[in-house]
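Student: Once you've had a glance at the structure underneath, I'll fire off some questions.
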């Protein structure tokens with residue numbers, strides 16, 4: 001909001017938006033509930049509702065698996081025209097544009113809605129996903145250790161929880177995640193399937209290196225460090241390389257000596273909102289490269305090429321454990337993050353990797369992990385077993401079988 005408003009005016013404007021959105025969602029809920037009761041549902045349709053502008057994550061991998069099984073009429077459903085054109089070239093006849101009459105009637109006929117993104121009910125405009133009319137199956141996009149949904153202050157403020165999308169079923173990787181999802185989204189634990197996440201099948205396949213990615217990015221044949229922090233919904237902006245002793249020349253010399261590259265991947269919400277603290281001109285270093293979704297659309301295609309992951313509270317590291325490679329954590333704002341977001345389990349004890357507080361320590365740990373990648377391997381295994389009940393490439397099959405049971 002503009003700084004010309006007083007804090008009271010800003011609060012009033014914010015509350016007006018909240019109230020307006022509540023009214024809109026209430027009307028949409030009634031409208032779709034009444035309309036859907038008149039339409040006979042087709043249980044053989046699996047409608048993959050893509051709310052993002054990219055084709056990636058759990059929805060991608062489960063869709064491609066289910067279309068090959070051919071038990072369901074699996075359809076990609078998007079409101080983004082450019083994504084619709086892109087996917088229609090790849091999967092002709094299997095993609096429907098949401099803002100169309102065909103899309104409207106398809107939505108009403110569909111019993112099974114499958115999605116990976118969309119915590120707010122407003123994310124599905126012009127549609128409303130009514131849990132009493134459809135099987136709303138949430139694949140998720142992050143295996144959490146941090147609090148989620150209703151467990152966080154941001155979703156309990158000002159009645160905002162009324163905007164939270166209700167799911168019929170959710171997917172998780174372990175009993176721990178089952179409890180976290182149940183608490184965060186007010187869902188029966190029995191309706192959270194401990195199946196593993198579809199996207200992790202790709203990491204665990206015998207051949208998971210995408211050769212096209214290497215052709216387009218020859219640097220992936222070198223030592224690769226992926227720097228991927230989480231999105232900070234509140235608090236200060238994301239701060240990359242948060243070291244008081246940051247020295248671009250020194251970091252550059254280390255990367256040259258190791259023949260290594262750091263790929264910096266900001267969270268998609270940081271990129272969208274331009275909420276990155278630009279304290280250092282780190283992109284001036286030749287071997288520090290921007291690696292957002294425009295270059296690497298799906299981070300899971302990139303992970304097999306990564307030798308060391310750098311993160312903070314992002315759930316990406318939990319899936320990266322399946323590759324048994326080193327992780328460095330940079331929780332520079334841990335106390336602030338703990339206060340407004342919070343964790344279900346102790347952060348320090350359950351993050352199996354080095355936590356440097358200076359660039360000197362950072363480089364020391366990188367050097368050690370390059371030389372001895374099995375450093376902290378036992379610790380990683382302990383946490384990996386806690387988060388991943390299944391460590392195979394069969395998660396898509398388990399989710400598929402659960403969906404089949406719903407429609408028999």
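The values are calculated or read from the model by the stated rules, or taken from the named source; none is laboratory data. Nothing here was measured: the structure is a model prediction, and the numbers come from that model. Positions of Cβ are generated from backbone atoms using ideal geometry, with glycine treated the same way; all protein chains shown enter the neighbour counts.
Student: Looking at this structure, is residue 339 at pLDDT below 90, over 16 Å from residue 376 (Cβ atoms) and either surrounded by fewer than 20 Cβ atoms within 10 Å (Cβ to Cβ) or over 14 Å from the mean Cα position of the chain (by Cα) (or both)?
Tutor: The answer is yes for residue 339.
Student: Among the numbered conditions (1) modelled with pLDDT of 90 or more; (2) buried (at least 20 other Cβ atoms within 10 Å of the Cβ); (3) assigned to a helix (DSSP H, G or I), tell me where residue 304 comes up short.
Tutor: So residue 304 meets the others, but not (2).
Student: So how many residues does region 381-400 have that are touching a residue at least 40 places away in the same chain (Cβ under 8 Å) and out of contact with any helix residue (DSSP H, G or I) (no Cβ under 9 Å at 6 or more places or on another chain)?
Tutor: 1
Student: With the condition kept exactly as written, say whether any residue in region 282-301 is modelled with pLDDT under 95, within 30 Å of residue 339 (Cβ to Cβ) and assigned to a strand (DSSP E or B).
Tutor: The answer is no; no qualifying residue exists.
Student: Moving on to the next point. Here are 233, 177, 244: which of them is at pLDDT below 95 and closer than 30 Å to residue 401 by Cβ?
Tutor: Step by step, each of 233, 177, 244 is checked, and only 177 is at pLDDT below 95 and closer than 30 Å to residue 401 by Cβ.
Student: Related question: Can you tell me how many residues within region 362-376 are loosely packed, with under 15 Cβ neighbours inside 10 Å and touching a residue at least 24 places away in the same chain (Cβ under 8 Å)?
Tutor: Qualifying residue count, region 362-376: 2.
Student: Given the criteria buried (at least 21 other Cβ atoms within 10 Å of the Cβ) and either modelled with pLDDT of 95 or more or farther than 15 Å from residue 78 by Cβ (or both), does residue 135 qualify?
Tutor: Judged against the criteria, residue 135 is not a match.
Student: Which members of region 46-74 meet the condition of being under 18 Å from residue 123 (Cα atoms) and outside any helix (DSSP H, G or I)?
Tutor: 47, 48, 49, 50, 51, 52, 53, 54, 55, 56
Student: Residue 359 - would you say it is out of contact with any strand residue (DSSP E or B) (no Cβ under 6 Å at 6 or more places or on another chain), closer than 17 Å to residue 240 by Cβ and surrounded by fewer than 21 Cβ atoms within 10 Å (Cβ to Cβ)?
Tutor: So residue 359 passes the test.
Student: Tally the residues that are crowded, with 18+ Cβ neighbours inside 10 Å and either in a helix (DSSP H, G or I) or outside the structural domain of residue 38 (by TED's automatic domain parsing) (or both), restricting the search to region 83-105.
Tutor: Going through region 83-105 one residue at a time, the tally reaches 4.
Student: Continuing with the same structure: Conditions first: (1) part of a helix (DSSP H, G or I); (2) in contact (Cβ under 8 Å) with a residue 24 or more places away in the chain; (3) surrounded by 20 or more Cβ atoms within 10 Å (Cβ to Cβ). Residue 77 passes all but one, so which condition is the exception?
Tutor: (1)
Student: Counting residues that are in contact (Cβ under 8 Å) with a residue 12 or more places away in the chain and surrounded by 17 or more Cβ atoms within 10 Å (Cβ to Cβ), which helices (runs of 4 or more DSSP H) fully inside region 154-223 reach at least 3?
Tutor: Fully inside region 154-223 and qualifying: 175-185, 200-204.
Student: I'm trying to understand the selection: among the residues of region 55-74, which are in contact with a helix residue (DSSP H, G or I) (Cβ under 7 Å, 6 or more places away or on another chain) and either crowded, with 16+ Cβ neighbours inside 10 Å or within 17 Å of residue 138 (Cα to Cα) (or both)?
Tutor: 55, 61, 62, 65, 66, 72, 74 - these are the residues of region 55-74 that are in contact with a helix residue (DSSP H, G or I) (Cβ under 7 Å, 6 or more places away or on another chain) and either crowded, with 16+ Cβ neighbours inside 10 Å or within 17 Å of residue 138 (Cα to Cα) (or both).
Student: Residue under question is residue 372, and the condition is that it be touching a helix residue (DSSP H, G or I) at 6+ places or on another chain (Cβ under 9 Å) and either over 30 Å from residue 43 (Cα atoms) or outside the structural domain of residue 111 (by TED's automatic domain parsing) (or both); does it hold?
Tutor: no
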